[in-house]
């Protein structure tokens, strides 16, 4: 879902998955991370470790993690999902998530797509078989989280997910399908849950958005989680100049989660900042349940603000980690209260 402006190229982006057998071994393997970026020592990336066996892995994904040393007591866990043409190592280097994890004392889990599933490394958010509870890619990510909870001292009440683009759409599916699992989540340049059911409808909704009503959007969430006692707080980030995923999808995501909470479609409380605006919706106790962060004159990518000042893309996969007035990772650390 990255930088494809003509239908023919978009069509190649969202090819159907080919499922291949996978050998699994109960081992972990560290990733080497050579320094290729001009970043401060505080935000220097840490080393990700690949977990080569974590469960059945029905979606045939790869798992990477970083757990900071010396943390006392249960720690939060942040699940991160990259966009198309990206991978865990490059995404982490560009976003600075593991450096933030080391500084603040929380664990990080990356799910990574394989070319055998999608040649452009997109998560298959548009395939119903991939976003069904305990099946496909959702099932794999659920098993990764359960593995982390078994092996590390994770605070079960403080598990979060953030995804960009195709990863944002898959984050929406996780939040809708496992509301009991997540405290909050962020959808960056993504789409609402249930926006498409195949590659062709995905291309159309990416370009133009959907005509579904607010009630229909809400029903899609309630249908997969009919017994949900609560829903996670959702943070939606989108650039108003996004030419890959229409801003209409951010508005649809707002409609979806307001309807899921059975709240009227209001404009929310508006907060302006240089280069954008933030709308917040809160419950009767003042807790934030939904926010929309709109970045003006911003395209398709993860906003990183000053977190990577002086950085230039090291390769093609890092093109969608973009300078902005705000850093989404740093802002989410604050709003999710991840600071030690």
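Please treat every number below as a calculation from the coordinates, not as lab data. Here the structure is a predicted model, which is why all the values come from computation and not from measurement. We place every Cβ from the backbone using ideal geometry, glycine too, and count neighbours over all the protein chains shown.
Tabulated values for the structure
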{"quantity": "All Cα pairs of the range 74-149, percent lying beyond 22 Å", "calculated": "28"}
{"quantity": "Förster radius 51 Å - calculated FRET efficiency between residue 115 and residue 230, Cβ distance, rounded to 0.05", "calculated": "0.85"}
{"quantity": "Computed FRET value (nearest 0.05) for residue 150 with residue 53, which takes r as the C-beta separation and R₀ as 22 Å", "calculated": "0.95"}
{"quantity": "The range 241-298-the range 45-119 distance, computed between alpha-carbon centres (Å)", "calculated": "27"}
{"quantity": "Modelled label reach - residue 297, point 7 Å along Cα→Cβ, the range 260-289 residues with backbone N closer than 19 Å", "calculated": "272-278"}
{"quantity": "Square roots of 5 times each gyration tensor eigenvalue, C-alpha, the range 158-233, largest first, Å", "calculated": "21, 15, 9"}
